[in-house]
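The values are calculated or read from the model by the stated rules, or taken from the named source; none is laboratory data. Since this is a predicted model, take the numbers as computed values, not measurements. Counting neighbours? That spans all protein chains shown, and the Cβs are built from the backbone with ideal geometry, glycine included. Protein only, heavy atoms only, side chains kept; ligands, DNA and RNA dropped before computing areas. Shrake-Rupley method; radii C 1.70, N 1.55, O 1.52, S 1.80 Å.
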Amino acid sequence: MTDIPVDHLQDEAAETTATVRRVQRKMAPIVPAQNIAGRALVLVIAIMTFLSCLTFGAVTLVRDTASVWENQISREATVQIKPVEGLDMEAALAQASQIAGEFPGVTGTKIVDRDATARLLEPWLGTGLNIDELPVPRLIVVTIDEANPPDFAAMRAAITPKLPSAALDDHRTWVDRLVAMAHTTVTIGFAVLALILSATVLTVVFATRGAMAGNGHIIEVLHFVGAEARFIAREFRWHFLVTGMKGAAAGGAAAIAVFIVFSWWSSRNMATPQADQATALFGNFAIGSTGYLGVGLMVLVIGALTAATSHATVVAYLSDIDIRQPEAG
Amino acid sequence: MIRFENVGLRYGMGPEILRDISLHIPERSFQFLSGPSGAGKTTLLRLLFMSLKPTRGLITIFGKDRSRISRGELPLLRRRIGVVFQDFRLLDHMTTYENVALPLRVRGREEANYRTDVTELLKWVGLGDRMHVLPPVLSGGEKQRAAIARALIEQPEILLADEPTGNVDPPLARRLLRLFIELNRLGTAVVIATHDLGLMEQVDARRMILAGGRLDVYD
Ligand SMILES: Nc1ncnc2c1ncn2[C@@H]1O[C@H](COP(=O)(O)OP(=O)(O)OP(=O)(O)O)[C@@H](O)[C@H]1O
Ligand SMILES: [Mg+2]
């Protein structure tokens with residue numbers, strides 16, 4: 001220990017604080033960091049955070065896409081007329097086309113003529129068939145003003161009484177099915193997220209219990225010198241807060257890196273067929289600000305969760321040994 | 001200060017190690033606790049230190065019924081008691097200085113306020129030049145003195161020492177004994193568990209002898 005020089009009384013205060021700071025910095029932590037299985041835990045937490053962030057990113061992506069689908073109105077609808085006994089197909093087509101065309105919001109109607117229908121069926125039925133001999137349904141394509149879509153229900157109500165074999169398809173069913181699937185995916189995503197978070201909590205519980213057991217001799221001595229449970233818990237909590245934050249930050253950073261690479265990849269390959277497919281499904285891969293915000297949130301949640309979990313575990317452990325003490329050696 | 005009435009203790013389902021122990025440790029008293037190895041000296045000290053609960057009988061510590069002391073009260077009561085363990089219980093990752101300062105640290109004291117006290121005490125027990133080494137490189141006697149210093153640093157109301165001279169040579173043992181007597185004069189009650197007859201002969205003090213689970217007190 002450095003002794004304070006008595007002949008420099010005026011410097012004493014400054015010297016003392018300097019010495020104190022020097023000594024304080026040197027003071028060993030009560031629970032040495034290397035006693036806590038730090039690295040493996042940091043890695044596990046990083047992986048868990050990474051997975052949570054990816055799940056969260058995917059969930060936001062799917063949810064955003066689904067809401068776009070939900071609000072998107074198809075540019076076209078189709079009226080399909082099935083041939084039935086005694087129906088004059090051409091007249092029916094003209095009538096349906098006329099009814100549909102009168103609706104506000106419809107920009108035009110187009111009857112798919114015989115040749116076009118035959119061409120549509122060619123891949124299945126081969127060439128040279130006489131379409132009149134087959135009961136082939138015929139189509140009318142109704143183009144729609146997207147900004148001001150027509151009332152499909154009213155249109156259906158206007159057509160069906162006059163032409164019972166006509167069916168109006170506004171493609172809603174297909175979109176509804178996609179949206180339902182997207183919602184299911186989102187639900188599954190949240191379930192996965194919940195599982196990952198639970199697994200993280202359990203991992204931290206085990207790690208904390210392990211660390212406590214491994215530092216039993218320190219806890220015992222702290223008890224004997226009159227340390228309160230609060231004091232002991234604080235010593236451990238600090239370690240786990242640092243560990244949790246380190247892991248969570250690393251995992252979050254990795255997830256953000258993945259997001260950035262994805263959006264870079266999707267913007268670079270805008271024109272390629274794969275990218276077009278992906279874009280068709282998910283818009284572009286840009287994880288919006290929600291996604292990045294979510295990563296930040298996830299990092300905080302996991303860091304806080306780690307600290308809270310280890311604190312609760314430490315407190316439970318400490319009250320446990322106090323109860324066990326009469327029997328224990 | 002501490003009173004036992006018909007105290008009995010067994011570990012788990014084992015035999016009763018202590019039977020019908022009745023004793024009183026007054027304030028500022030000085031006593032030896034002796035008896036053959038395995039007689040239960042350490043066990044009795046653990047009862048005094050509240051790290052064990054008696055299986056029967058009544059213990060009153062600082063005027064409180066032991067069975068009514070809650071977990072939350074325990075730390076504050078333990079701060080009034082200094083203990084020297086037979087196996088020292090020093091923390092290997094802390095220097096001698098830090099080990100001795102530990103009781104002050106857990107009380108939330110500022111290092112600046114106790115540094116000179118710790119240094120002086122360490123010099124007094126002859127560890128002035130071993131202050132910044134870790135316990136694993138200390139000799140048995142040096143560890144013992146560090147453990148004693150840790151128990152004394154807060155001037156406890158009662159000091160419980162388990163074989164405090166077991167690892168030191170007779171001159172140093174005498175010096176440590178003088179330290180305990182000095183501490184006693186300053187107002188600390190002292191209980192020294194030992195089977196060192198030579199040590200006991202140096203002081204005319206109360207002797208409590210444990211044998212066969214029973215305690216005989218010779219004033
Ligand atoms: N945690 C424990 N569980 C079970 N039995 C124990 C435990 N601790 C001590 N004992 C037993 O209690 C008896 C008394 O032990 P204790 O350590 O109190 O003796 P001691 O008088 O301090 O002996 P020594 O002089 O060798 O230190 C011994 O027979 C010992 O085996
Ligand atoms: Mg013993």
Open item on the list: From the phi angles alone, apply the Karplus equation (6.51, -1.76, 1.60; θ = phi - 60°) to region A:194-205 and give each ³J(HN,Hα) in whole Hz, x where the residue is Gly or Pro.
Closed with: 4, 5, 4, 5, 4, 4, 4, 4, 5, 4, 5, 4
- [ ] Could you order A:Met212, A:Met245, A:Met181, B:Met13 by accessible surface area, starting with the largest, using a probe radius of 1.4 Å?
- [x] B:Met13, A:Met181, A:Met245, A:Met212
TODO: Go through region A:218-236 and flag every residue whose accessible area shrinks by 50 Å² or more with all protein chains in place compared to the isolated chain (probe 1.4 Å).
DONE: A:Val221, A:Phe224, A:Val225, A:Gly226, A:Glu228
TODO: Compute the distribution of all C-alpha to C-alpha distances in the protein assembly as shown, in bins of 10 Å from 0, and list the percent of pairs in each, rounded to whole numbers.
DONE: 3, 13, 16, 14, 11, 9, 7, 6, 6, 6, 5, 3, 1, 0
Task: Amide hydrogen neighbours beyond the local backbone of B:Thr95, cut-off 5 Å, H modeled - done: A:Ala28
TODO: Could you do me a favour and compute the accessible area per residue for chain B, 1.4 Å probe, result in Å²?
DONE: 43
Task: Above-threshold pairs, the threshold being 28 Å between Cα atoms, out of A:Lys246/B:Lys143; B:Lys41/B:Lys123; B:Lys64/B:Lys123; B:Lys41/B:Lys64 - done: A:Lys246/B:Lys143; B:Lys41/B:Lys123; B:Lys64/B:Lys123
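Using only the heavy atoms of the protein chains and a 1.4 Å probe, how would A:Trp238, A:Trp69, A:Trp265 rank by accessible area, largest first?
A:Trp238, A:Trp265, A:Trp69
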Open item on the list: Less than 18 Å from a label point 7 Å out along the Cα-to-Cβ axis of A:Thr143: which backbone N atoms in region A:78-102 qualify, by residue?
Closed with: A:78-79, A:97-102
Task: Projected area averaged over orientations for chain B, convex hull of C-alpha atoms, nm² - done: 12.1
Task: For B:71-78, mean number of other protein chain Cβ atoms within 10 Å - done: 5
TODO: Report Rg/Rh for region A:83-164, rounded to two decimals, where Rg is the Cα radius of gyration and Rh the Kirkwood radius.
DONE: 1.03
Task: Distance between modelled label sites at B:Thr116 and A:Phe190, nm, 7 Å Cα→Cβ extension - done: 6.5
TODO: Order B:Arg79, B:Arg66, most accessible first, counting only protein heavy atoms with a 1.4 angstrom probe.
DONE: B:Arg79, B:Arg66
Task: Gyration tensor verdict on region B:1-41 (Cα atoms; rounded if a/c is under 1.5, prolate if a/b is larger than b/c, oblate otherwise) - done: oblate
Open item on the list: Heavy atoms of the protein only, probe of 1.4 Å, neighbouring chains included. What is the accessible area of A:Tyr317 in Å², nearest 10?
Closed with: 30
- [ ] Measure nothing fancy, just the Cα-based angle from helix B:140-152's long axis to the longest principal axis of chain B, in degrees from 0 to 90, nearest 10.
- [x] 80
Task: Dipole moment magnitude, nearest 20 debye, region A:83-164 about Cα centre, only Lys, Arg, Asp, Glu C-beta charged - done: 120
Task: Under Karplus coefficients 6.51, -1.76 and 1.60, residue-wise ³J(HN,Hα) of region A:184-191 in Hz, glycine/proline x - done: 4, 4, 4, 4, 4, x, 5, 4
- [ ] With r as the distance between the Cβ atoms of A:Asp151 and A:Lys82 and R0 = 25 Å, compute the FRET efficiency 1/(1 + (r/R0)^6) and round to 0.05.
- [x] 0.60
Task: Protein accessible surface hidden between B and A, which excludes ligands and nucleic acids, total in Å², probe 1.4 Å - done: 3000
Task: FRET efficiency, 1/(1 + (r/R0)^6) with R0 60 Å, evaluated for B:Arg214 and A:Leu43 via beta carbons - done: 0.55
Task: Helical mean residue ellipticity (222 nm; -39500 (n - 2.57) per DSSP H run of 4+; nearest 500) of the protein assembly as shown - done: -18000 deg cm²/dmol
Task: Cα-Cα pairs of region A:152-253 separated by more than 23 Å (percent) - done: 61
